[in-house]
Structure formats: structure tokens, C-alpha cells
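Values quoted throughout were computed directly from the atomic coordinates according to the rules given, and no laboratory measurement underlies them. Note that the structure is a prediction, hence the values are computed from the model and not measured. Glycine also receives a Cβ, built like all others from the backbone with ideal geometry; neighbour counts cover every protein chain displayed.
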Amino acid sequence: MSALITLLRRELALAWGKGGGPLVALAFYTSVATLLPLAAGAAPQRLAAVAPGSAWLALALSSLLSLERLFERDYEDGALDLLSLGPLPLEAVSAVKCLAQWISTGLPLAALTPIAAIALGADPRLIPLTLAAALLGGLGFSFVGGIGAALSLGSRRGGVLVAVIVLPLFAPPVIFGAGAIEALADGLNWTPGFLFLGGYCLAAMALGPFAMAAACRNALS
Amino acid sequence: MITFLANPQRFMDLSRWLAPSLGVLAVVLACVGLGMGLNAPPDYQQGATVLIMFVHVPAAWLGMFAYACLAGSAFFGLVFRHSLADAAARAAAPLGAGFALLALVTGSLWGRPMWGAWWVWDARLTSELILFLFYVGYLALQAAIDDEAKADRAASILALVGAVNLPIVHYSVVWWNSLHQGESIFVKGGPLLSAVYLWPLALMALAYTFGFGALWLTRIRAEVWRRRAGALAVQAAR
């Protein structure tokens, strides 16, 4: 247990340390949300119709871009070799890294999501659900995206490859999360979409670490 | 069956005649099926465009079937570390991507006269597109890693992760009600399709399957030869 906590503290320290950490992801999120009215037109009605979905899409993209180097740095400087020799199995290491990623980047992004949705013109009564979906979805994005980050270790292309691998995997959470928010906006029952989102994220947390560990072992072998 | 084929020499002996015979069978069945389809009466709603079904539906099926083959090979490659399974996974992916793309293109050509739109964001179309993107991701990942064995294993892990997507593709019809034609062949109480269309469709589906088998075996054979050639080149260089 103490090894897990030590690893978590290390990951958080690295994420919050040099290089801006989550601020870069937040800046990216803000940039995407800024470009949307410029691309889709700033007419309030048109914007309000797509606001919850766009905020959700921007969350998916920012989560993706901030985790592409989740394993890369440790792989390059040899820390991943040490971790694979350590007392923790690589499955636990991967899970802790994804959890740290969610705490350091996912939580701030989730806090920003309702703000962006409101700025784009979404109905304020959507805030609680948007925040809850962003918190839960961020966890799923982090664990699924970690698979892409681990698989692309040692490849010649970095970021674009991770995006190509991971974005199709993001389809179910995007559907369920945006679907739940849309349903609430239309006065329909939002629970099925939200529960599906929860189920997807739990499955990602349960199965993702095994895929990540297998990918790391393959890259280290 | 699997253990029998796991011996590369036995596989090569078997596929040497099996691949061309499957290919011939596929061509014959496709000729008969297309002939029957062309002679079938035009649909009362869709007119002659119903013919697209004979090319479109089997392609969509094979797109999914090829992914099942890919995931199965990936599983055997990962668990038993068998080079033939790796070769099979590597060989199946571009074929599956081709079938999925064919289904998307023919579906788009069919959708324009029938729905009045080249593309609608309905569940099945979107899932087929996502399936195609999975193939693209698989191929991209494999191409990006230099070490062949590592590339195969990484891509196999991705293929298994993506196999979760396959049931979603199939059951999306049930999950989301949509514009797309619902399930009409494997339903309770027998097919809703009339026999004049069902027979050519069945023949075309068989033709596609055999065609896929022939191409897959040929590609695996080519992959085995390529590896042998590589090994011989290394040996000669010593």
C-alpha cells in the first residue's frame, strides 16, 4: 500500500511540477472552446444547441492530448524499467499513473467543463450533470487513453498515433455522456446515458490496466 | 484443427491448394449470385437500387467477420506466441479495412437515392465507420513500430481492446432506434426478405466469405515466405 501511495505522490509531483502541468491542458481546453463559436457562428441559439456536446468533445480532446506522454517520459529515462522491477506489478503502476493523471488534469478539466458549457450558452440547470459526467468521463478517458499511450511506446510517431488509436475508443463515453446531458436539456430521462457512462468507465478501470501493463512489458522486452 | 494448422509446413501444404480453390469457388458463387440478383424483379419501393444490397450487406458482414478473425489471431499470437498467428493477424487487417470501406462506400451510394442523403449519423453507419477507424488504428500502430515482433504484439493488444467494439457494432441496431433498416434476416419466425432476394444475398455472402478466405490464406502465405526470405538473407549475410 505504501508503495502505491509513494508512486501516486511521485506522479502528482511530476504532473504539478515543472512545465505548467494541468495549466497547459486547461489552456488547450479554453482554446478549443474559443475556436468553436468562431467556426460554428456566434448566434446564441445555434451555439446553445451544441454547447453541452462541444464542451464534452473539448474535454475528450484535452484529456487525450494531456496523456499522450503518460508513459513516454518514464520509458525514455529508464524509470519504467525500474518500476517494472519494483515490488508493484505493472498493472498497479499503470492504474496509479492513470489515477494520478485524472487527479492532476482530469479534475481541473472537469471543473472547467460546466464553465465552458455556460459560456457557450448552455442552460445553467445542466451544470450539476455536466460536472458529474465530466468527472466520471474524465476517469474513463484517462484509463482508456492510457492504453493508447502505452501501446505507442517506442514508436516512430507520437501524438497523432495515440489520437488515431484512442479516439475511436472514446466513442462510447462521448455518446453516453453527451447523450445524458442532451436528454436532460430536452427534459427526458438522463439516467440511462449516465449509468452507461459509469459502466463504461468502471470497465475501463478494471480492464485498462491489464492492456497497459501488457503493452509496457512488450515495449520493455 | 488449430493445433494441426499451427505447424507452418502443414499450413503451407494445405493452403497451397485451399487458397486457389476457395478463390475459384468465390468467383463462381459471385457470378451465380449476381446473375440471380440481376434477374430478380425490382423492389416495389426501391426499384433497381435494391441490387446494391447484394454488394453492400455481405461487405458489412465481412468487415465484422474479418475483425473477429483478426482478434482471434491476435489472441493466439499473444497467448501462444505463435508466429503463424501473428502473420494471420497482420494479413487479416488490411482485408477487413477494405471490406469495411466497401460497405461504407456502397452504403453511401445506396443512401443517396433511398434516404436522400449520402450519409446519416445513424447508429449502424457510425459503428461501421468506427470499425473502419479501428482497422486504421491497428495498421497505423503496426506501421509505426520498427521491431516487427514488438509491432505485432502491440497491435495484437490493440486488436483485443478493439474487439470490445465488435458487439457494440452488432447490437447498436437494438440499442438505438434508427433510420437504418433493422435486422431483417436473422429474426424470429424466419427472414423478412422474400426468397428472390434472399437466395442471391446468401450466395453473395458465401462468395464474399470464400473470397476473404482465399485472400487471407494467400496473404498469410506471402507473409510466411517474406519471413523465410528475411531469415535466409540474414543467414547468407553471415
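What Kirkwood radius, in Å to one decimal, follows from the Cα pairs of the protein assembly as shown? For the protein assembly as shown, the Kirkwood estimate is 24.3 Å.
For segment B:44-125, chymotrypsin sites (Phe, Trp or Tyr not before Pro) meeting the loop criterion (DSSP other than H, G, I, E, B) and having at most 15 other Cβ atoms within 10 Å: B:Tyr44, B:Trp118, B:Trp119, B:Trp121.
The value of relative contact order for segment A:105-221, using C-alpha pairs under 8 Å at least six residues apart, is 32 percent. Computed over the alpha-carbon atoms, chain A gives an Rg to Rh ratio of 1.00, Rh here being the Kirkwood radius from the mean inverse distance. Among the trypsin sites (Lys or Arg not before Pro) within segment A:1-30, those in coil by DSSP and having at most 12 neighbouring Cβ atoms inside 10 Å are A:Lys18. Taking the helices alone, the protein assembly as shown has a mean residue ellipticity at 222 nm of -27000 deg cm²/dmol, built from -39,500 (n - 2.57) per DSSP H run of at least 4 residues and averaged over all its residues.
Only sites in a loop by DSSP and with at most 10 other Cβ atoms within 10 Å count here; which trypsin sites (Lys or Arg not before Pro) in segment A:115-221 make the cut?
Of the trypsin sites (Lys or Arg not before Pro), the ones in loops of segment A:115-221 whose Cβ has at most 10 other Cβ atoms within 10 Å are A:Arg156.
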